[in-house]
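Asker: Got a structure here, written out as structure tokens. Questions coming.
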Amino acid sequence: MQDNLIRTNVTVIGGGLAGMASAIHLARAGFQVVCIEPAPEKSIIVGESLDWSAPDLLRALGLPMERLIADDIATYKKHVTVQMQDGCVHHYVPGEWLGRPPWNVELRTLHVDRIQLRKALSEILLHHGVNLIQDRVSEVERAGSKVTGVKTESGKQIESPWFIDASGFAASLFPRLFRLPAYEYGPRKVAIWSYFTVPDAIEGTTLYMDADGPPYMDWVWEIPIRRNTISVGYVAPGEAIREMRQRGQSAEDILIERMRRFARFEPLLRAQENISAQVTSFRCRVHSRIAGPNWLVVGEAASMVDPMTSNGVTAALRHADESSRLIVRSFHRPRLPYFARALYTRRVLEMARFFNSGIEKVVYEWPVRNAIGVGKAGDVYTIPAWVMNAVYSRVRPRGLIGTGLFCLSLALLRWSASVFNWLCRRGRQLAPSPAVVAS
Ligand SMILES: Cc1cc2nc3c(=O)[nH]c(=O)nc-3n(C[C@H](O)[C@H](O)[C@H](O)COP(=O)(O)OP(=O)(O)OC[C@H]3O[C@@H](n4cnc5c(N)ncnc54)[C@H](O)[C@@H]3O)c2cc1C
């Protein structure tokens, strides 16, 4: 039994992006870190189009933009394009002013090949001496609101004074254990995606949508993850996908059928005979109270933000950075200071609510989108999202006043989106026919 007992400074559950980033920060600060991940060689990872705040967070982990490009782990993302089924195109490019003082925001960001990114992060992780254990946590032991240890499927017992839960959306170990309350946004959604070889990768993310104004938006992404490889995915409400599956369509049929609606994909579909699609389902939500006396929740286990926001990677890296700083600062205390954990929770909560509520109220739901058009709805969502992300990166709200003011601004913007949605809904009492959704 003693052979199976491991004692360490910090236990990180999950070796996805959030878990690896947390483990690297903590190991660099001089702590002994155990990171438990059942599938370190995973071949399916999603989350490839990054927002403008992500490159600095990757740089802090030892992966500057230039290296990611040179090593063919990433491609440049210089804009987002929305391509409508009727041929209309809208471009979203960060304003030049964001690149000037006082913002000094890098106007380029990245698309990443997540398998290669994972390999690069694993090397850094191991270089810093993190003990990466290939196993699955099967039991979390607690004494009141404190976590005392974890047990793994292979019978290991791991004990430490501090714990980070980075177990992802599906597992969400601590939120389940402590029954943390959650805010949910939109319906359960399904994403179906595959990879295609192209001669001409574009330096931007393209989103393909239906111009006819369906009641609830479904969409296709095109993300160039390497020079000649694009990821193409379809996101739709789970209910709509279930109906298609009941009609006998496979995941591949559904993806191909959607892609065929856009001329860009015709030659790709002709050139690639066998398409094998990956499928995942998710529900956008964020938990509150995601920090306890000796534990914190990070990444998708804490908050799942909609893929259309391209903010999941940034959120995961920010949570990792902030939670590891909290542990470093509190290491010699018996518990995390109450205010520090309350403020961490508030920042994670308000950012996720802002992004999820904004994208649902302004883009996914029909009232605003149909009242002002998809292009302008994109602006209404994108401009505050870019600005708040840039402000977060520059100001790094931490203390009571900074966090309070920042979260108040997020809440005001979120309420504004809801009021705008309500006004547009009242102005157009009739929603478009639901039949359009499944068409
Ligand atoms: C369809 C889709 C598209 C997306 N697109 C984008 C995008 O374009 N841009 C963007 O920024 N974000 C995107 N995201 C979000 C992004 O992928 C994630 O936010 C990011 O990968 C962070 O993940 P994570 O580390 O929190 O969780 P995960 O990557 O899920 O990692 C959790 C890890 O925990 C491990 N684990 C689970 N249970 C246990 C257990 N019991 N014991 C030990 N380990 C366990 C799992 O094996 C896994 O490796 C997308 C998400 C989805 C669903």
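Asker: Any residue in region 163-177 that's under 20 Å from Arg7 (Cβ atoms): show its pairings with residues that are away from the ligand (no atom under 11 Å from the Cβ) and of a type in the set (Val, Ile, Thr) at Cβ separation under 7 Å, as long as the two are six or more apart or on different chains.
Answerer: Phe163/Val147; Ile164/Val10
Asker: Residues that are more than 14 Å from Asp165 (Cβ to Cβ) and at pLDDT 95 or above: find the helices (runs of 4 or more DSSP H) completely inside region 250-333 holding 1 or more of those. Break it down into steps so the answer makes sense when it comes.
Answerer: Values: elements: 251-259, 266-271, 312-330.
Of the helices (runs of 4 or more DSSP H) lying wholly inside region 250-333, those with at least 1 residues that are more than 14 Å from Asp165 (Cβ to Cβ) and at pLDDT 95 or above span 251-259, 312-330.
Asker: Is at least one residue of region 85-106 touching a Ser or Thr at 6+ places or on another chain (Cβ under 9 Å), modelled with pLDDT of 95 or more, within 25 Å of Phe196 (Cα to Cα) and of a type outside the set (Ser, Thr, Tyr)?
Answerer: no
Asker: Please work out which residue is nearest to the ligand (Cβ to nearest atom), limiting yourself to region 219-235 and to residues that are closer than 18 Å to Glu257 by Cβ and aliphatic (A, V, I, L, M).
Answerer: The extreme case among them is Val235.
Asker: If we scan region 267-285, do we find a residue that is more than 16 Å from the ligand (Cβ to nearest atom), touching a Pro at 6+ places or on another chain (Cβ under 6 Å), of a type outside the set (Asp, Glu) and in contact (Cβ under 8 Å) with a residue 24 or more places away in the chain?
Answerer: So in region 267-285, the residues more than 16 Å from the ligand (Cβ to nearest atom) come out as 267-276.
If we keep only those that are touching a Pro at 6+ places or on another chain (Cβ under 6 Å) too, we end up with none.
No, every residue in region 267-285 fails to be more than 16 Å from the ligand (Cβ to nearest atom), touching a Pro at 6+ places or on another chain (Cβ under 6 Å), of a type outside the set (Asp, Glu) and in contact (Cβ under 8 Å) with a residue 24 or more places away in the chain.
Asker: Of all residues in region 112-157, count the ones that are under 22 Å from Ala21 (Cβ atoms), among the acidic types (Asp, Glu) and outside any helix (DSSP H, G or I).
Answerer: 2
Asker: Considering each of Thr345, Thr309 in turn, give the residue that is more than 16 Å from the ligand (Cβ to nearest atom) and among the β-branched types (Val, Ile, Thr). Explain how you work it out, then say what you get.
Answerer: Working: Thr309 fails: more than 16 Å from the ligand (Cβ to nearest atom).
Of the residues listed, the single one that is more than 16 Å from the ligand (Cβ to nearest atom) and among the β-branched types (Val, Ile, Thr) is Thr345.
Asker: On to the next question. Within the set of pairs 6 or more residues apart or between chains, which connect a residue that is over 9 Å from Thr109 (Cα atoms) inside region 49-73 to a residue that is within 16 Å of the ligand (Cβ to nearest atom) and hydroxyl-bearing (Ser, Thr, Tyr) with Cβ atoms less than 8 Å apart?
Answerer: Qualifying pairs under 8 Å: Asp56/Ser393; Leu57/Thr314; Ile69/Thr75; Ile69/Tyr76.
Asker: If you scan region 312-342, which residues turn out to be charged (D, E, K, R) and either surrounded by fewer than 24 Cβ atoms within 10 Å (Cβ to Cβ) or away from the ligand (no atom under 16 Å from the Cβ) (or both)? Steps first, answer last, please.
Answerer: From region 312-342, those charged (D, E, K, R) are 318, 321-322, 325, 329, 333, 335, 341; that's our starting set.
Selection gives Asp321, Glu322, Arg325, Arg329, Arg333, Arg335, Arg341.
Asker: Looking at Ser53, Ser43, Ser49 in this structure, which one is at pLDDT 95 or above and among the hydroxyl-bearing types (Ser, Thr, Tyr)? Spell out the reasoning first.
Answerer: Details: Ser53 fails: at pLDDT 95 or above; Ser43 fails: at pLDDT 95 or above.
Within the list Ser53, Ser43, Ser49, the selection yields Ser49.
Asker: Next question. Looking at region 123-131, can you tell me whether even one residue there is within 11 Å of the ligand (Cβ to nearest atom) and modelled with pLDDT of 95 or more? Write out each step before concluding.
Answerer: Applying the first criterion (within 11 Å of the ligand (Cβ to nearest atom)) to region 123-131 yields none.
No - not one qualifying residue is present in region 123-131.
Asker: While we're looking at this one, here's another question. Can you give me the number of residues within region 368-406 that are farther than 25 Å from Trp97 by Cα and in contact with a Phe, Trp or Tyr (Cβ under 8 Å, 6 or more places away or on another chain)?
Answerer: 2
Asker: Please work out which residue is farthest from Met308 (Cα to Cα), limiting yourself to region 168-192 and to residues that are more than 14 Å from the ligand (Cβ to nearest atom) and among the charged types (D, E, K, R).
Answerer: Arg179
Asker: Give the number of residues within region 240-260 that are touching a residue at least 12 places away in the same chain (Cβ under 8 Å) and surrounded by 15 or more Cβ atoms within 10 Å (Cβ to Cβ).
Answerer: Count: 10.
Residue-by-condition table, conditions (1) within 15 Å of the ligand (Cβ to nearest atom); (2) farther than 24 Å from Met304 by Cβ:
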residue: Asp71; (1), (2): no, yes
residue: His91; (1), (2): no, yes
residue: Val112; (1), (2): yes, no
residue: Thr148; (1), (2): no, yes
residue: Ser154; (1), (2): yes, yes
residue: Ala166; (1), (2): yes, no
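Asker: Let me ask something additional. Would you please list the contacts, defined by Cβ atoms under 9 Å and residues six or more apart or on different chains, that run from a residue in region 9-36 that is among the basic types (Lys, Arg) to a residue that is part of a helix (DSSP H, G or I)?
Answerer: Listed by first residue and then by second, the contacts come to Arg28/Ser324.
Asker: Suppose we filter Ala377, Ala390, Ala352 for residues that are crowded, with 20+ Cβ neighbours inside 10 Å, of a type in the set (Gly, Ala, Ser) and within 21 Å of Pro55 (Cα to Cα); which single one remains? It would help to see each step written out before you state the result.
Answerer: Numbers: Ala377 fails: within 21 Å of Pro55 (Cα to Cα); Ala390 fails: crowded, with 20+ Cβ neighbours inside 10 Å.
When all the criteria are applied, what remains is Ala352.
Asker: Moving on. Being among the basic types (Lys, Arg), within 18 Å of Asp135 (Cα to Cα) and either within 15 Å of the ligand (Cβ to nearest atom) or crowded, with 17+ Cβ neighbours inside 10 Å (or both) is the filter here; which residues of region 3-48 pass it? Before the answer, list the steps.
Answerer: Initially, region 3-48 is screened for residues among the basic types (Lys, Arg), giving 7, 28, 42.
Within this subset, residues satisfying the condition of being within 18 Å of Asp135 (Cα to Cα) are 7, 42.
Result: Lys42, single match.
The values are calculated or read from the model by the stated rules, or taken from the named source; none is laboratory data. Computed from a predicted model, the values in this text were never measured in an experiment. A quick note on method: Cβ atoms are made from the backbone with ideal geometry, for glycine too, and the neighbour counts reach across all protein chains shown.
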